[in-house]
Amino acid sequence: MKAWFDFLSSQTLQPLQDNDAICALRDTGLLYVGGDDASEFLQNQLSNDIQLTSPSLSQLSSFSNAKGRMFGIFRVIQIEGGYLLVLPHSILAEVQDQLHRYILRSKVILADITDSFCLFSITTGADDPIQHEALPDQVNQVYQSDSLISVCLPSASGRRRHLLIDNSAEEAIALWQQFATRLAVNDQQQWRLQEIDAGIPTVYPSTSGAFVLQMSNLQLLDGVSFKKGCYPGQEVVARMQYLGKLKRRMYLAEIKGVCPQPGDELQSRDSDKADGSGKVVDAIQLDQQNCRLLFIGQIEKAESDKLVLSAQIDAKMNLLPLPYAYAD
């Protein structure tokens, strides 16, 4: 997609801001899962019920190890001949490798097809949305044509957000130019901010294998089915759901100071070192002073203001409301 990347290089990016935008997704990958046994294979590996997807309905899902710790979180889109998993390109090879271990004699194909598509997102105000036949109205709904896939995504503040995946650079450029006339032009940083604000967790290489899905609120985002059959880590997930007590969950917060990185440690305010109290999921520097982040932390400590970043113990974390409610 040289024409697409050449076009993106010509775009002038506006400063990161919390508003409506069109974003180039240079760091997002596409893992294709195809073959005669693709549906059964994914049903046996992923946390959600693949049978609930259709060409017009996507879902959030995850893939974990036997201990219930997630290798990755991704959006699953059913296409003709298989499925697309949308995830950070930085973890694609690891997820692909781990999934491949379970293929055995199944007729399944796994392939990184990122370079064959143009990926970007748009976010618009709910009271003044862009009207276009390729932009579905309902969250998780999918539009598909011969060349274009568009998915309506969860968002914060009542906005409408869409992911667009196009195998025609000419069409993608035309759509970008059409939408960009009324949107701020930005890149992956804006996408990450929108995911953070929507309370959607992302797994990176530094956090692969770190979290059980309930810790990341995935059950609150319809990213898991508790009625389907077994999959790697299912026993741990089910035990936590029905027999255990959730001791950690994901929070949205803002701090003043330098932004931490995914996987950075949190600790108790009265501790002199990292003590396993929590980890950063994702974080974005809003400006020179403020950073917004998702973190997973011990519930009692987080909700009594006892958690700090281990690298910035003086930076107060101010909790912000998520766009969905905790289910206790």
Contact list please: Cβ distance under 6 Å, first residue in region 151-173 and in contact (Cβ under 8 Å) with a residue 40 or more places away in the chain, second residue outside any helix (DSSP H, G or I) and of a type in the set (Phe, Trp, Tyr), pairs at least six apart or on different chains.
LEU164/PHE120; ILE165/PHE117; ASN167/PHE117
With the structure loaded, tell me whether ASP282 is of a type in the set (Asp, Glu), outside any helix (DSSP H, G or I) and surrounded by 19 or more Cβ atoms within 10 Å (Cβ to Cβ) or whether it fails that test.
yes
Those residues of region 287-310 which are surrounded by 16 or more Cβ atoms within 10 Å (Cβ to Cβ) and assigned to a loop (DSSP other than H, G, I, E, B) amount to LYS306, SER310
Does GLN267 fit the bill of being exposed (fewer than 13 other Cβ atoms within 10 Å of the Cβ) and within 29 Å of LEU16 (Cβ to Cβ)?
no
Screening ALA172, ALA134, ALA111, ALA156 for residues that are among the small types (Gly, Ala, Ser) and part of a helix (DSSP H, G or I) leaves only ALA172
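Yes/no per residue for (1) surrounded by 22 or more Cβ atoms within 10 Å (Cβ to Cβ); (2) over 18 Å from the mean Cα position of the chain (by Cα):
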site	(1), (2)
MET1	no, yes
PHE7	no, yes
GLN14	no, yes
ILE22	yes, no
ARG26	no, no
LEU42	yes, yes
Right, SER206: among the small types (Gly, Ala, Ser) and touching an Asp or Glu at 6+ places or on another chain (Cβ under 9 Å) or not?
yes
Where in region 1-104 are there helices (runs of 4 or more DSSP H), lying wholly inside it, with at least 3 residues that are touching a helix residue (DSSP H, G or I) at 6+ places or on another chain (Cβ under 7 Å) and farther than 19 Å from LYS228 by Cα?
2-9
Can you tell me which residue in region 242-289 is nearest to LEU213 (Cα to Cα), limited to those that are among the polar types (S, T, N, Q) and over 22 Å from the mean Cα position of the chain (by Cα)?
SER277
Test: THR181 is hydroxyl-bearing (Ser, Thr, Tyr) and either closer than 25 Å to GLN131 by Cβ or not in a loop (DSSP other than H, G, I, E, B) (or both):
yes
Residue satisfying condition, being outside any helix (DSSP H, G or I) and touching a Lys or Arg at 6+ places or on another chain (Cβ under 6 Å), within set GLY223, GLY209
GLY209
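We did not get these values from a lab; they are worked out from the coordinates using the rules stated. All values reported here derive from a predicted model rather than from experimental measurement. We place every Cβ from the backbone using ideal geometry, glycine too, and count neighbours over all the protein chains shown.
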